[in-house]
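Notes follow once the structure below has been shown.
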Amino acid sequence: MVHIEENIKKFTDTWGSRDETEVTEEIYDCELAKDELRPNIEEELERMVDGIINLELDGMRVKYGIKKKREIKPHRVRKVTKKVKIPQGLGKRNPK
């Protein structure tokens with residue numbers, strides 16, 4: 001229900017204040033299209049630039065003989081398991 005209310009609010013915020021009674025043909029809003037596409041394009045561009053930077057850094061490391069630092073992995077927390085004694089006969093199939 002909250003999802004529906006959010007969509008209604010988004011629709012009224014975007015289209016509620018527009019007066020399109022005089023528009024006879026369907027046209028698009030360039031700024032609305034840009035706002036919709038910009039986050040995906042920025043994310044893809046950021047990944048591409050990061051990849052290029054990493055390639056350049058790798059080339060510089062090879063050229064100057066610098067070893068790449070190891071990535072520090074987060075410390076893994078071991079799961080503590082508790083031994084539980086299962087009563088005899090529990091879990092066995094009862095053949096009939």
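If we scan region 57-68, do we find a residue that is at pLDDT below 80, part of a loop (DSSP other than H, G, I, E, B) and touching a helix residue (DSSP H, G or I) at 6+ places or on another chain (Cβ under 9 Å)? The answer is yes; a qualifying residue exists. So, I41, is that one in a helix (DSSP H, G or I), modelled with pLDDT of 85 or more and of a type in the set (A, V, I, L, M) or not? Yes, satisfied.
The values are calculated or read from the model by the stated rules, or taken from the named source; none is laboratory data. On a predicted model such as this, the values are computed, not experimentally measured, just so you know. Cβ atoms come from the backbone with ideal geometry, glycine included; neighbour counts cover every protein chain shown.
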